[in-house]
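K.L.:
Sharing a structure below in C-alpha cells format, with a few things to ask.
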Amino acid sequence: MLEAAIEPVVEARETGEADVLEVFTLTLNRKDRAVGMSKHTAVAGSRVTAGQASAGSAVRVVRGGEVIHEGDVISLKHFKQEVRTMKKGSECGLILRDYADLQSGDTIQFYELISRRPSLYEEQGSAK
C-alpha cells in the first residue's frame, strides 16, 4: 500500500546510435511539411553504428562529447521510403523535430524513457 504512494522513477535506456555523415537541407512547401519541420529542414545522412534507429524515438545529439540537443525523430527514411526502424550498419536520413543545427561528425543517440515504481526496500541512492 505504501509502495503505491512512491513516485515512479524514470530511466533512459539507450537503444541505438548513429553517426552523421553529411547534412542536407530540404526546402519544403507548407503542404509538404510535417509538424516540427521548418521551411528549410536539415536532414542528417547517417549510418547506424549500434543497436537500431527508430522513427518517433527520443534522441540526444552529441558533439565533442557534449549533449547539445535532446528531442525526437519525426522522419526516418531509407532512400526515399519512410521506415520505422534501421539496424546497425545501415544508412538512413533523419529529421529531428525543431532542430536544424546538425553537423557532419555529430553522434545521435536513440533512447527510450522507462517509468518504474521503486520498491520500499530499495535504497534511495541505488536507483539507476
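K.L.:
Which whole number of Å³ per residue matches the convex hull of the alpha-carbon atoms in the chain?
P.N.:
Details: hull volume 17.1 nm³, N = 128.
In the chain, the Cα hull volume divided by residue count equals 134 Å³.
K.L.:
May I ask which of K39/K80; K39/K77; K39/K88 have a Cα-Cα span longer than 24 Å here?
P.N.:
Numbers: K39/K80 19 Å; K39/K77 19 Å; K39/K88 31 Å.
Violating the 24 Å Cα-Cα cut-off are K39/K88.
K.L.:
Could you pull out the GluC sites (Glu not before Pro) across the range 35-128 that fall in loop regions by DSSP (anything but H, G, I, E, B) with no more than 15 other Cβ atoms inside 10 Å?
P.N.:
Working: sites: E66, E70, E82, E91, E112, E122, E123; in loops: E122, E123.
Here the sparse-neighbourhood loop sites are E122, E123.
K.L.:
Want the number for E14 to S38: 0.36 nm per residue separation, take away the alpha-carbon distance, what's left?
P.N.:
On the way: separation 24, 0.36 × 24 = 8.64 nm, distance 2.78 nm.
Answer, rounded to one decimal: 5.9 nm.
K.L.:
Now a separate question. What FRET efficiency would be calculated for the residue pair T25, E66, taking the C-beta separation as r and a Förster radius of 30 Å, to the nearest 0.05? Walk me through the numbers on the way to the answer.
P.N.:
On the way: r = 24 Å, r/R0 = 0.80.
The calculated FRET efficiency here is 0.80.
K.L.:
Round to a whole number: what % of the accessible area of the chain belongs to carbon and sulfur, probe 1.4 Å? Spell out each step's value before the answer.
P.N.:
Working: 4170 of 8340 Å².
So the carbon and sulfur contribution to the accessible surface is 50 percent.
K.L.:
Sticking with this one: Would you look at the GNM of the chain, springs on alpha carbons closer than 10 Å, and say which of R33, R63, R117 moves the most?
P.N.:
Evaluated over the chain, the most mobile residue of the options is R117.
K.L.:
Would you kindly state the longest site-free stretch of the chain, with sites defined as chymotrypsin sites (Phe, Trp or Tyr not before Pro) in a DSSP loop (not H, G, I, E, B) surrounded by at most 12 other Cβ atoms within 10 Å? Intermediate results must be reported in sequence, preceding the final value.
P.N.:
Working: sites that count: F79, Y121.
The answer is 1-78.
K.L.:
With r defined as the distance between the Cβ atoms of I6 and A100 and R0 fixed at 30 Å, what FRET efficiency is calculated, to the nearest 0.05? List each step's numbers first, then the result.
P.N.:
On the way: r = 41 Å, r/R0 = 1.35.
Computed FRET efficiency for I6 and A100 comes out at 0.15.
K.L.:
Please label the shape of the range 8-62 as rounded, prolate or oblate, based on the square roots a ≥ b ≥ c of the eigenvalues of the alpha-carbon gyration tensor (a/c under 1.5 means rounded; beyond that, a/b larger than b/c means prolate, else oblate). Numbers along the way, then the final one.
P.N.:
Numbers: a/c = 3.04, a/b = 1.55, b/c = 1.97.
Taking the square roots of the gyration eigenvalues as a ≥ b ≥ c, the range 8-62 is oblate.
The values are calculated or read from the model by the stated rules, or taken from the named source; none is laboratory data. Every value quoted in this text rests on a predicted model; they were computed, and no experiment measured them. Backbone-built Cβ (ideal geometry, glycine too); neighbour counts: all protein chains shown. Note: accessible area is taken over every heavy atom of the protein model, side chains too, but ligands, DNA and RNA are not part of it. Shrake-Rupley method; radii C 1.70, N 1.55, O 1.52, S 1.80 Å.
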